[in-house]
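The values are calculated or read from the model by the stated rules, or taken from the named source; none is laboratory data. Note that this is a predicted model, so its numbers are computed, not measured. Note that we place each Cβ from the backbone using ideal geometry, even for glycine, and neighbour counts take in every protein chain shown. These accessible areas exclude ligands, DNA and RNA; they are computed on the full protein's heavy atoms, side chains included. Shrake-Rupley method; radii C 1.70, N 1.55, O 1.52, S 1.80 Å.
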Amino acid sequence: MAIPLAFARDRRATRAMAVAMAILFLVAPGAAEAGDDNALPVSLTGSTGDPVRGRAIVVNRRVGLCLLCHSGPFPEERFQGDLAPDLGGVGGRLSEGQLRLRMVDSSRINPTTIMPAYYRTEGLTRVAPGYQGKPILTAAQIEDVVSFLLTLRK
C-alpha cells in the first residue's frame, strides 16, 4: 500500500523535528535552571539523593526499568535498550534540574515521549486500578537516580 506523498512528507518533517528537539535537550549543557520550563531545580525531598541507591534503581529491571529503553556504562548488564539515549555522559550534558524534570514528567519537555512519568500521578491514561494515584518511584528514589545520573560525566 502506497503512502500518500503529503503524508510521507509530514511524517518525515515530524520525525526530523523530534530528532532535532531530542538533540537540543540532550546535548545543550547546563541550560538555565531557575524559572526555566526545561528544569525542576528544587529537590523533591529537600536533600540530595544517594548515587549508590540510584544506580541500583537504574539497573534493576523490576523497579526503574531504565535499561529497557536506555543503554549505558553497565557492563554487567547484558541486555540494554536502544530506544532512548545512552545514559553515558548524561551528567555532563544535563543539569540536576533537567535530569529531575525528565524523571518526574518527561512529557513536559516532549509531549509525545514514550518515557513514563515516574512521579506524576494525574492526567495519565491506561493506568491499572491498583496503581492509580501512585507514582512509579518515590521522591527519594527520584533523587537517588538523579544523583547517580549526575555521576555519569563521560
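Taken as a whole, the structure places ALA39 among residues that are hydrophobic (A, V, I, L, M, F, W, C), part of a loop (DSSP other than H, G, I, E, B) and in contact (Cβ under 8 Å) with a residue 24 or more places away in the chain.
Can you tell me which of ARG78, ARG61 is more than 20 Å from ILE136 (Cβ to Cβ), out of contact with any strand residue (DSSP E or B) (no Cβ under 8 Å at 6 or more places or on another chain), without any contact (Cβ under 8 Å) to a residue 12 or more places away in the chain and basic (Lys, Arg)? Walk me through it before giving the result.
Values: ARG61 fails: more than 20 Å from ILE136 (Cβ to Cβ).
Answer to the selection: ARG78.
Of all residues in region 82-114, those satisfying the criterion of being under 21 Å from THR151 (Cα atoms) and of a type in the set (A, V, I, L, M) are ALA84, LEU87, VAL90, LEU94, LEU99, LEU101, MET103, VAL104. Screening the candidates LEU26, LEU99 for the property of being modelled with pLDDT of 95 or more, under 11 Å from the mean Cα position of the chain (by Cα) and part of a helix (DSSP H, G or I) yields one hit, LEU99.
Filtering region 81-96 to residues that are of a type in the set (A, V, I, L, M, F, W, C) and assigned to a helix (DSSP H, G or I) leaves only VAL90. For region 81-117, the candidate set comprises residues that are among the polar types (S, T, N, Q), open to solvent by 30 Å² or more (accessible area, probe 1.4 Å) and in contact (Cβ under 8 Å) with a residue 60 or more places away in the chain; within that set, the residue that is nearest to GLU143 (Cα to Cα) is ASN110. Here VAL42 meets each of (1) out of contact with any Ser or Thr (no Cβ under 6 Å at 6 or more places or on another chain); (2) farther than 20 Å from TYR119 by Cα; (3) at pLDDT 95 or above; (4) surrounded by fewer than 18 Cβ atoms within 10 Å (Cβ to Cβ) with one exception, condition (2). Take the conditions (1) under 15 Å from LEU44 (Cα atoms); (2) crowded, with 19+ Cβ neighbours inside 10 Å; LEU149 misses just one of them, which is (1).
Counting residues in region 60-80 that are charged (D, E, K, R), over 26 Å from TYR131 (Cβ atoms) and either at pLDDT below 95 or assigned to a loop (DSSP other than H, G, I, E, B) (or both) gives one or more.
Within region 118-154, being aliphatic (A, V, I, L, M), assigned to a helix (DSSP H, G or I) and in contact with a helix residue (DSSP H, G or I) (Cβ under 6 Å, 6 or more places away or on another chain) holds for ILE142, VAL145, VAL146, LEU149, LEU150.
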